[in-house]
Amino acid sequence: MERRQRRNPSSAFSSTSSSSSRFRSEKFSRNPPKNSNLQDDARHLKSRDWKSQRPEREVEKEQDSYNLPSIVGTCPFMCPAGERAQRERLRDLAVFERLNGNPGKTSPTLAVKKSTIATKHTQASDVRSLPVLEETLNYLLNLLDSMEHPFEVVHDFIFDRTRSIRQDLSMQNIINDQTIHMYEEMVKFHIISHHKLLTCSSRPNFSSVHYLNMEQLKKCLTSLYALYEENRDSNSIYENEPEFRSFHVLLHLGSNSQPLGESLSLWLSHVPSAILKSKEMFFARRLLRFFRMGNYKRFLCTTATEASCLQFYIIEPYINEVRALALSCVNSCGYIHHPYPIAHLSKLFMMKELDVEPFCNACGLKISTDEQGNKFLATKQKNFHYPKDVFPSYCLLGLEHFKR
Amino acid sequence: MAYLSMGEAHRRITEYLNRFSDVVLNQDGSSLKQLLSVSSNSPLLLSLADALNLFHDYNRLLKQSDRFSQISEIVSPLFRSIQNFRLGNLLDSYNAFEKAANAFLQEFRNWESAWALEALYVIAYEIRVLAERADRELVSVGKTPEKLKGAGSFLMKVFGVLAGKGPKRVGALYVTCQLFKVYFKLGTVHLCRSVIRSIETARIFDFEEFPVRDKVTYMYYTGRLEVFNENFPSADQKLSYALTHCNPRREANIRMILKYLIPVKLSVGVLPKKWLLEKYNLIEYSNVIQALKRGDLRLLRHALQDHEDRFLRSGVYLVLEKLELQVYQRLVKKIYIIQKQKDPSKAHQIKLEVIVKALKWLEMDMDVDEVECIMSILIYKNLMKGYFAHKSKVVVLSKQDPFPKLNGKPVNS
């Protein structure tokens, strides 16, 4: 670089330091005490126009109460009485809400408020209080184990009703430990759905259900992260925060990255150090590194041995992509006179031997058999392509038992 | 503070008012800007601030003469801002300045020529800086910082005023850069997109017309956005532009450009010389570069670990991590060179066991299967030419150009 003699007095740059450049007060005292009454809550919440201040808190954008004053909910039921009566009349009751299967009759223990659009005219009596919201969420999540109805039906119901819970929460601007816990449970629901929906390919529009679920998952996560930030007390982190943060990293697996519209590098630059160094984040970051490098071996091994259940559900759709990459590498770089035994492929893909051949076929490749009946993959075949469907997923061998 | 008499205070304020009024009348932009730089603590403004803090009834002075009627909308809140700044009331100072700035912008619209552009730059700069300080004050008392966001809105207004056909449009890039600084500080980097779109696609703007200094800043920030999105060719082009056009005396600025340009260059296989790192104090990269030169995977891992926080905060960590494949390539190349010296006819065949051993020597525990995986990836991504023989556990390299160079392109995804 040559030196020039002229002096330019303008200052082109500000002195941005490399440390975190966001303002975060250590004295935020936003948590209402756990047993506060409604009046205390109201006092805390006054003049707190959160949403216009924090652009990254995207709580249900389409129903955002940007300019609505925050309410204190007083509805003591899972569903406001008015709505209950109206839906009975209109026979607009979900299967779970019907009393003895009667599509025109429900009860306070069965009806759950539907998700809706908040308006200026929303009454406090239509908004459920925090304890009621907690009860409602528990009730809904217990339905997940219900065997009576197909999963899509269960999913649809819980999807909508949990969305309504989030609406009630955001209308009241409640930002405390209980809210965080509730959001964590809702994220879990979406992740479990993400996994279960993939196996219900019976409906013709399942992929749109799956897509919508993914959208909600991301929205919930974004809101949850904002809650963690706003609720942070000096240098502490929430117990589950590292795992839930790791989900964001894992969602960046896959060739179509940037699912949340923001670069992962930018996101990581704002994550507190304690979280970055956690075991869960460490796992997610390593996995991402293996994926980006193409180290299919380590990717599959590490997933099998270290992923938690929820993490695995997020990673699951990418496993076949990685296996396909491995297959492509073997096919294009393997010596043509050394065909690859499928026993080895099975080890490489961490897949059962009898799944190897259908998988290779799904990628456009053929398996040959020699005189002894051994199966192998001849390399340098021409028709390789990535499998069209994510599934079937062919179980990943070596998966440890998950602790729920 | 030295004793200041009421009379003297009165005099200072009147002098400032006269000066302001004259400057506007004479359309003297460079003099005007000195009267507006609240945060600069210039002797002029400091002495004025003291006067204002003593003689509180300055609004009466403004009403006294018709001369000041045109400027009073601007100067009255400006005085409040200067006064409060001196007292350390940063929130009040900002709020007052915002009023003054809006009043100024109104007048600016009416002035046909671009004589006051430099003064407008000062307004744009000051509103950002004062907002940052106001937010800091808010945070320190446990409130939500919101002023910088407000400053951003004001700057968008300014941009709107400048985005027209006349001579004022040449100021739009400066304002854009102030907006970038606001968005980067707030972390709302995605908001840069709309301004970028305006600058790059609107027909009224000709990029070459803008002042060099603004072009450099613009390319720096848009280059950084490309780094966040890992568009390396584009990042290279933008940051290199900033580097070549940056004033070489501005070493701090050059350092900032290099901080992002170096990882980009490394990703396309271009290594900076050691003196560059030393001159601009970027030695955090030196081990990374050494690792690339030596094929030393352990060194790369350590370098990333040692400076993990710094690299993560600046957003280059993932970029540097990706260099691992190039380090592997270099390692295998070294083995190849050594083998060539021993026996040129067999050099192109490398036993996987040898690579395992080399990696063990680097304290990296990898089994043959993983090494085979890495080798196949290197071949797949065209960092190596050849094939691997699974049965004999050997990598066979092509006799011609077995280690293609990147040639300014990033590794194939």
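What follows is calculated from the coordinates using simple rules that are stated; it is not laboratory data. What you are looking at is a predicted structure, and each value in this text was computed from that prediction instead of being measured. Methodologically, a virtual Cβ is constructed for each residue, glycine included, from the backbone with ideal geometry; neighbour enumeration extends over all protein chains shown.
Averaging the inverse of every distinct alpha carbon separation and then flipping it gives the Kirkwood radius. What is it for segment B:324-408, in angstrom units? Evaluated on segment B:324-408, it is 12.8 Å.
Other protein chain C-beta atoms within 10 Å of residue C-beta, averaged over A:268-280: 2. Cross-linked pairs B:K99/B:K143; B:K63/B:K149; B:K342/B:K385; A:K347/B:K405: Cα-Cα separations exceed 29 Å for B:K63/B:K149; A:K347/B:K405. A viscosity of 1.567 mPa s and a temperature of 4 °C, combined with the Kirkwood radius over Cα pairs in Stokes-Einstein, give a translational diffusion coefficient for segment B:67-214 of 81 µm²/s. Using only side-chain charges placed at the Cβ, +1 for Lys and Arg and -1 for Asp and Glu, the dipole size of the protein assembly as shown relative to its Cα centre rounds to 2440 debye. Farthest towards the positive end of the charge dipole of the protein assembly as shown, among the residues B:L138, B:T188, B:V212, is the Cα of B:V212, using unit charges on the Cβ of Lys, Arg, Asp and Glu. Computed from Cα positions, the angle between helix B:117-140 and the longest principal axis of chain B comes to roughly 80 degrees. Estimated translational diffusion coefficient (Stokes-Einstein, Kirkwood radius over Cα pairs, 4 °C, 1.567 mPa s) of segment B:1-45: 111 µm² per second.
Dividing the summed -39500 (n - 2.57) terms of all DSSP H runs of n ≥ 4 by the residue count of chain B sets its mean residue ellipticity at 222 nm at -21000 deg cm²/dmol.
Karplus-based coupling profile of segment B:48-63, in residue order and whole Hz: 5, 4, 4, 4, 5, 6, 8, 9, 6, 8, 5, 4, 5, 4, 5, 7, with θ = phi - 60° in 6.51 cos²θ - 1.76 cosθ + 1.60 and x standing for Gly or Pro. Taking every Cα-Cα distance in the protein assembly as shown and sorting them into 20 Å bins starting at zero, the pair-distance distribution P(r) comes out as 13, 36, 33, 15, 2, 0 percent. Taking other C-beta atoms within 10 angstrom as a stand-in for reagent exposure, B:M156, A:M350 fall in the order B:M156, A:M350, fewest first. The angle between the Cα long axis of helix B:147-162 and the main principal axis of chain B comes to about 80°, on a 0 to 90 degree scale. Taking every alpha-carbon pair under 8 Å whose residues sit at least 6 apart, chain B reaches a relative contact order of 9 percent.
Residues B:F154, B:F79 in ascending order of nearby Cβ atoms (within 10 Å, fewest first): B:F154, B:F79. In segment B:130-277, one over the average inverse separation of all distinct C-alpha pairs is 16.6 Å, which is the Kirkwood hydrodynamic radius. Ranked by the mean number of other Cβ atoms within 10 Å per residue, highest first, peptides B:57-64, A:290-297 order as A:290-297, B:57-64. With contacts taken as Cα pairs under 8 Å and at least 6 residues apart, segment B:136-215 reaches a relative contact order of 28 percent. Look at B:D66, A:D370 and count the other Cβ atoms within 10 Å of each Cβ; fewest to most, that gives B:D66, A:D370.
Temperature 20 °C, viscosity 1.002 mPa s: under these conditions the Stokes-Einstein estimate for chain B, based on its Kirkwood radius over C-alpha pairs, is 84 µm² per second.
Using the alpha-carbon atoms, what tilt in degrees (0 to 90, nearest 10) does helix B:352-361 show relative to the longest principal axis of chain B? Tilt of helix B:352-361: around 50 degrees. Charged neighbours of A:K113, selected by a Cβ distance under 12 Å, balance to +2 (K, R count +1; D, E count -1).
Phi angles of segment A:310-326 translate, via the Karplus equation with coefficients 6.51, -1.76, 1.60 and θ = phi - 60°, into HN-Hα couplings of 5, 4, 4, 4, 6, 6, 2, x, 8, 5, 5, 4, 5, 4, 5, 4, 4 Hz per residue; Gly and Pro are given as x.
When the Cα atoms of segment A:84-152 are aligned to their principal axes, the ranges along those axes come out at 39, 27, 20 Å in descending order.
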